[in-house]
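Here's the structure we're looking at; comments come further down.
The values are calculated or read from the model by the stated rules, or taken from the named source; none is laboratory data. As the structure is a computational prediction, the values presented were derived from the model and not from experiment. Positions of Cβ are generated from backbone atoms using ideal geometry, with glycine treated the same way; all protein chains shown enter the neighbour counts.
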Amino acid sequence: MNFSSFNLHDDVLTGINSMGYNSPTPVQEQAIPLILDQKDMIACAQTGTGKTAAYLLPLIDKISHGNFDHTSTLILVPTRELAKQIDEQVEGFGYFASVSSIAIYGGNKGDDWDQQKRALTTGADIIIATPGRLLSHLAMGYVKLDQLNHLVLDEADKMLDMGFMDDLLKIINQLPKQRQTLLFSATMPRKIRDLAQQILKDPAEINLAVAKPAEGIDQRIYLTYDNQKLPLLEHLLRELDVQSMIIFTSRKSNVNQIVRSLLKIGFTAEGISSDMTQDEREKALQGFKNKQYQIVVATDILSRGIDIDSLSHVVNFDMPQDAEDYVHRVGRTARASSTGVAITFVNEKDMFRVQKVERLIEREVPKLPLPEDFGAAPAYDPTKRHDGGSHRQRSGNRPGAGGRDKQHRSKHHREGSKPRHADEGSKRPVKAANHTPRPRPEGGGDKAAVAGEGGGEKRRKRNNRNRNRGAAGQGPKEENQPAS
């Protein structure tokens with residue numbers, strides 16, 4: 001089958017050819033005829049399957065020959081990166097069809113708000129928007145969507161995970177009831193089904209099985225404590241032939257620390273997180289695509305919906321929360337080439353997630369031992385589940401807090417932090433590696449140490465008495481509260 005089989009207009013086919021598309025993917029084969037037939041649709045398809053073109057091509061075909069004098073299509077997406085990517089694809093596919101579009105997202109300058117306002121006021125055929133920013137414009141009263149013909153929710157599961165459910169419903173309630181609605185999601189949890197029941201009418205359904213990672217991907221898991229991760233990363237990078245790598249971390253506080261370590265050992269690297277302005281993020285992404293940087297360190301904002309693939313390496317500095325996200329991330333390597341390497345660090349709290357991944361991909365991922373001089377690793381126990389209890393290992397939130405024997409540590413890693421063992425979960429959290437001990441009184445010697453011990457015992461007794469008094473009043477204070 002080729003794209004001409006769908007009876008698309010010649011100007012759209014010319015745009016498809018100019019974008020280098022030769023034959024439709026499975027999701028495109030199924031979705032394009034349904035959308036052209038004006039059906040509502042719910043599609044379960046992951047990143048990399050061609051789902052964006054699956055809805056853009058038939059919609060552009062309709063818009064370019066529909067003689068609309070109003071905004072006909074609204075595409076809602078979870079991130080500004082995805083909004084920009086779709087906007088660029090509309091420009092490519094619709095270049096010969098004279099279709100206009102605008103991407104509406106937050107995190108940019110005041111001039112961009114005014115530009116968005118002008119475009120929304122004068123009208124564009126297609127609006128691609130993040131829910132929060134679109135609601136801000138809708139509140140001003142100059143956005144007119146009362147004649148909308150098509151609504152698309154792309155990466156709907158990601159939008160719900162990010163807390164956009166209320167915003168989505170507010171927007172949808174302002175749209176005409178008679179419209180075509182298309183919902184695309186990489187996963188199909190119950191909350192997506194519930195949303196579909198609210199907004200879709202007798203929808204057609206496409207359910208593509210989650211594609212397994214390519215056979216050419218060398219998948220590796222290292223069981224490691226959090227404070228061993230950064231030294232382990234440095235050790236591995238010295239042995240790997242890195243051409244292009246993305247390192248995913250679940251904590252944006254880790255991004256800069258990882259980038260600094262990479263620069264020190266001679267790699268060109270840049271970080272991307274939600275703290276950056278849109279211009280900074282785009283500059284970093286473009287630099288990576290242009291081979292200016294070997295490595296990008298990113299939070300989960302880059303895990304889906306970004307047009308970066310064919311990587312030589314992917315590293316999950318933290319285990320992805322969802323098995324599907326693991327597949328999306330490691331699938332960014334070995335797409336065009338025959339081989340690629342996907343490395344995942346798994347701490348003692350996330351071992352249960354490994355089992356979910358292995359069930360999904362129907363294969364066991366090798367668990368490799370730590371280098372000899374790194375000390376003990378947590379024992380693999382996928383049945384033990386941590387739900388984030390009250391205790392926090394302070395050094396665990398610091399990826400470079402330590403992890404190797406003193407004589408083998410990198411210079412910039414301070415001494416003093418040892419990995420917590422799995423059976424220490426009920427003990428007091430380990431002090432951060434850069435904790436400075438309180439100085440002893442001058443001239444105290446052993447006597448001062450003994451006095452300190454006695455004083456400590458007295459203080460503990462006083463604290464116990466004070467705690468008991470507090471219990472009769474306002475109640476005990478919660479222990480081990482997360483740092484703000």
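Taken together, Val341, Val357 contain a single residue that is under 16 Å from Lys212 (Cα atoms), among the hydrophobic types (A, V, I, L, M, F, W, C) and in a helix (DSSP H, G or I), which is Val357.
Assessment of the range 13-21 against the conditions (in contact with a strand residue (DSSP E or B) (Cβ under 7 Å, 6 or more places away or on another chain), in the same structural domain as Gln147 (by TED's automatic domain parsing) and either touching a residue at least 24 places away in the same chain (Cβ under 8 Å) or of a type in the set (Asp, Glu) (or both)) yields no matching residue.
Would you pick out the residues in the range 110-153 that are of a type in the set (S, T, N, Q) and within 30 Å of the chain's Cα centre (by Cα)? Correct list: Gln115, Gln116, Thr130, Ser136. The one condition from (1) at pLDDT 85 or above; (2) surrounded by fewer than 16 Cβ atoms within 10 Å (Cβ to Cβ); (3) in contact with a strand residue (DSSP E or B) (Cβ under 8 Å, 6 or more places away or on another chain); (4) of a type in the set (S, T, N, Q) that Gln286 does not meet is (3). When the range 167-221 is limited to residues that are hydroxyl-bearing (Ser, Thr, Tyr) and under 30 Å from Lys144 (Cα atoms), the one that is modelled with the highest pLDDT turns out to be Thr181. Of all residues in the range 68-120, which are assigned to a helix (DSSP H, G or I), aliphatic (A, V, I, L, M) and closer than 17 Å to Leu57 by Cβ? Within the range 68-120, Ile86, Val90 qualify. Among residues of the range 161-177 that are in the same structural domain as Gln198 (by TED's automatic domain parsing) and touching a residue at least 24 places away in the same chain (Cβ under 8 Å), those with a beta-carbon under 7 Å from a residue that is in a loop (DSSP other than H, G, I, E, B) and exposed (fewer than 11 other Cβ atoms within 10 Å of the Cβ) at least six positions away or on a different chain give the pairs Pro176/Asp146.
Note on the range 28-68: residues that are of a type in the set (Asp, Glu) and free of Cβ contacts under 8 Å to residues at least 40 places away in the same chain total 2. Across the range 300-331, what is the total count of residues that are in a loop (DSSP other than H, G, I, E, B) and at pLDDT 80 or above? Number of matching residues: 7.
Among the strands (runs of 3 or more DSSP E) confined to the range 172-263, the ones with at least 1 residues that are in contact with a Cys (Cβ under 7 Å, 6 or more places away or on another chain) and of a type outside the set (Asp, Glu) are located at 180-185, 204-207. For Gly92, the stated conditions hold: it is over 20 Å from the mean Cα position of the chain (by Cα), surrounded by fewer than 21 Cβ atoms within 10 Å (Cβ to Cβ) and modelled with pLDDT of 90 or more. Checking the range 36-48 against the condition returns a match, with at least one residue being in a helix (DSSP H, G or I) and more than 28 Å from Asp325 (Cα to Cα).
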